[in-house]
Amino acid sequence: MRTVKRIASGSKPLFPFDPDDSPPIPVSPDSIEYRLANDTILLGVETCRWYVQGYRYPIFETVKSITDKRGEERTFFDVAFFYPPQEHYYLEDDEENRKILEAQNQGKKDYNPLEGTTFNAFPNPVSATLDVEIFLPVEAKIKLQVRSVANKSVYINENKGKFASGSHHFQLYVLQLPPGYYLLNIWADNYLLSETILKN
């Protein structure tokens with residue numbers, strides 16, 4: 001969906017008043033009036049949004065601001081936004097789009113709603129505390145594990161119960177681990193995500 005807005009503002013010459021409140025005296029034509037007539041600048045904003053069936057909000061969006069001076073268009077600034085589908089996969093108050101998504105995926109034999117799970121582990125390299133942010137598209141149990149290069153489990157955080165769909169934050173304290181590379185494993189039920197972590 002493409003939306004274009006054009007904005008133009010008019011200006012009028014000033015009319016100074018005499019001290020005795022007599023009728024205004026028009027300002028005689030000068031360079032100001034010439035500039036108003038010949039240097040007109042239009043401002044514009046162009047927004048493009050890409051939607052996907054079953055998602056309430058756009059997946060991708062671009063915004064461009066332009067100036068148009070006597071037919072010559074110049075970009076003042078432009079920016080783009082990406083909204084990962086999994087970050088608004090199941091909205092609690094969006095029953096209509098939820099049904100569309102479920103119907104689209106129902107026929108897929110290997111479909112797993114947890115495939116929309118994403119995470120961010122930082123800082124990496126890490127010295128003491130590793131922050132882990134996890135997004136769940138659906139309710140699931142979360143298990144975090146750090147394994148050494150020799151495939152030995154050196155840290156495990158297994159939470160009881162399930163977490164609701166949405167974003168969750170965890171902290172792993174790894175200060176006691178020797179420096180080196182480790183493998184961070186994240187399970188959302190039986191769905192596994194991994195990333196290599198460097199311990200300073």
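The values are calculated or read from the model by the stated rules, or taken from the named source; none is laboratory data. No experiment lies behind these values; they were computed from the predicted model shown. Every residue, glycine among them, receives a Cβ derived from its backbone with ideal geometry; neighbour counts consider all protein chains shown.
Can you tell me which residue among Arg49, Arg6 is within 30 Å of Pro84 (Cβ to Cβ) and at pLDDT 50 or above? Outline the logic, then answer.
On the way: Arg6 fails: within 30 Å of Pro84 (Cβ to Cβ).
Of Arg49, Arg6, the one residue that is within 30 Å of Pro84 (Cβ to Cβ) and at pLDDT 50 or above is Arg49.
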Next item on the list: Given the conditions (1) of a type in the set (Gly, Ala, Ser); (2) in a loop (DSSP other than H, G, I, E, B); (3) without any contact (Cβ under 8 Å) to a residue 12 or more places away in the chain, report the number of the one that Ser194 does not fulfil.
Entry: (2)
Item checked: region 119-162, residues that are surrounded by 15 or more Cβ atoms within 10 Å (Cβ to Cβ), of a type in the set (A, V, I, L, M, F, W, C) and within 28 Å of the chain's Cα centre (by Cα) -> Phe119, Ala121, Val126, Leu130, Val132, Ile134, Phe135, Leu136, Val138, Ala140, Ile142, Leu144
Note to self: Taking the criterion of being at pLDDT below 75, under 17 Å from Ser167 (Cβ atoms) and of a type in the set (Ser, Thr, Tyr), would at least one residue in region 110-122 satisfy it?
What the structure shows: no
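Restricting to region 67-83, name every residue that is basic (Lys, Arg) and either part of a strand (DSSP E or B) or surrounded by 11 or more Cβ atoms within 10 Å (Cβ to Cβ) (or both). Spell out the reasoning first.
Looking only at region 67-83, we keep the residues that are basic (Lys, Arg), and these are 69-70, 74.
Of everything in region 67-83, those that are basic (Lys, Arg) and either part of a strand (DSSP E or B) or surrounded by 11 or more Cβ atoms within 10 Å (Cβ to Cβ) (or both) turn out to be Lys69, Arg74.
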Item checked: First in region 1-14 and under 25 Å from Val63 (Cα atoms), second anywhere and assigned to a loop (DSSP other than H, G, I, E, B) and modelled with pLDDT under 50, Cβ under 8 Å, 6 or more apart -> none
